[in-house]
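Structure, as structure tokens:
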Amino acid sequence: MSQICGMSSIQFDKAPHIISAASVVGKKEGEGPLGKLFDLVGDDPMFGEDNWEKAESTLQKEAAQMALGKAGLLPTQIRYLFAGDLLGQLIATSFGVVDMNIPMFGLYGACSTCGESLSLGAMAVAAGYGDYVLALTSSHFASAEKQFRFPLEYGNQRPLAATWTVTGSGAFVLAPKGGKARITGVTTGKVVDFGVKDSMNMGACMAPAACDTIYQNFMDFNRQPEDYDKIITGDLGYVGQKILIDLLKEKGFDISKVHTDCGIEIYDQQTQDTHSGGSGCGCSAVTLAAMILPKIEKGSWKRVLFVPTGALLSTVSFNEGQSVPGIAHGVVIEHC
């Protein structure tokens, strides 16, 4: 029986399980609404290191080791590692996992990388290419600002449409069985470019891609919004959420009653001065590990469409006047 579903999706005959998850975040994230749910909250944004990039590598290392510990596994038992971050040449990942000595696929999907890593990891497990696969992503506010915008010392003002890059790392161990949540399908996103050139408005850049992936998921699986307990995007924030809902209404689907966004959930907009919400590879990853998965495992939510979103830009493309395309990857997660 073919597992190919529609134009862009896969429906797994034997759905891979998420057998463990771990979340490591910074102090600001720990002070937010989900603070008590994270596995580890660091008081030091440097995480004991002497630069921001090393700090992000430490985030990844801690999250990976914690997820393996929860699963009762050693690094030698992991067949493949699918991992990525926002930095050039994936340096947070490469330096963070080098000592684990696991065969690795380095991924870059901007802030959608958690969805990409889970999708590819699920494919590998479902195809029988490994009994255990580790999916890992991270971001750090200071390292992202330094690379994409301005070093913190510059003290630039942030517009109200801007999101705050989450300092955090999420890790997930996938296996053929043994968990209370399973990945039953994936919808791979396409690069979508609406011509937005404002790099400080990530929500507007990514919302069209999220719309495209969610719509394609509905088409491929022949589903309606109410077939999901929740549709959760990665980091559109308040600005991007409104755009997404409006775009899908134009296509005949109203997701307003079931939609939320990791960037909205992770910070308190009124007290934490994060403007439109959270973003970064770590945003969707730690929210999935800390908030979404526990609800699925308990059966509070039976089926969730998890859609991390990414803005595909670099300092080079932005400085050359290019627009900011977006991409989003859909992962269907269900209660076992």
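Remarks
- Hey, G195 in contact with a Cys (Cβ under 7 Å, 6 or more places away or on another chain), at pLDDT 80 or above, not aliphatic (A, V, I, L, M) and not assigned by TED's automatic domain parsing to the domain that holds V133 or not: no
- Residues of segment 186-227 that turn out to be buried (at least 23 other Cβ atoms within 10 Å of the Cβ) and on the phi > 0 side of the Ramachandran plot, as a count: 0
- Among residues of segment 281-334 being at pLDDT 95 or above and hydroxyl-bearing (S, T, Y), the one that is nearest to A135 (Cα to Cα) is S284.
- Residue pairs meeting the criteria (Cβ under 7 Å; at least 6 apart or on separate chains; first among the β-branched types (V, I, T), in segment 50-71; second not in a helix (DSSP H, G or I)): T58/F47; T58/G48; T58/E49
- Annotation note: Cβ proximity below 7 Å between a residue of segment 132-144 that is more than 12 Å from A285 (Cβ to Cβ) and a residue that is charged (D, E, K, R) (sequence gap 6+ or interchain) occurs for Y132/R79; V133/R79; H140/E56; S143/E53; S143/E56.
- Taken as a whole, segment 247-254 holds no residue that is over 18 Å from I214 (Cβ atoms) and outside any strand (DSSP E or B).
- Among the residues examined, L236 qualifies as under 23 Å from G30 (Cα atoms) and either more than 13 Å from the chain's Cα centre (by Cα) or hydrophobic (A, V, I, L, M, F, W, C) (or both).
- The set of residues in segment 86-136 being among the polar types (S, T, N, Q) and touching a Leu at 6+ places or on another chain (Cβ under 8 Å) consists of T93, T113, S117.
- Qualifying residue in segment 178-187 (condition: aliphatic (A, V, I, L, M), touching a Lys or Arg at 6+ places or on another chain (Cβ under 8 Å) and touching a residue at least 24 places away in the same chain (Cβ under 8 Å)): no
- Residue in segment 261-270 that is among the small types (G, A, S), closer than 24 Å to S300 by Cβ and not in a loop (DSSP other than H, G, I, E, B) present: yes
- Filter result for the condition that a residue is basic (K, R) and within 16 Å of the chain's Cα centre (by Cα), over K257, K251, K230: K230
- Segment 5-38: number of residues that are within 22 Å of E62 (Cα to Cα) and hydroxyl-bearing (S, T, Y): 2
The values are calculated or read from the model by the stated rules, or taken from the named source; none is laboratory data. What you see is a predicted model, and the numbers here were worked out from it, not measured in a lab. Because the Cβ atoms are built from the backbone with ideal geometry, glycine has one as well, and the counts that use them run over all protein chains shown.
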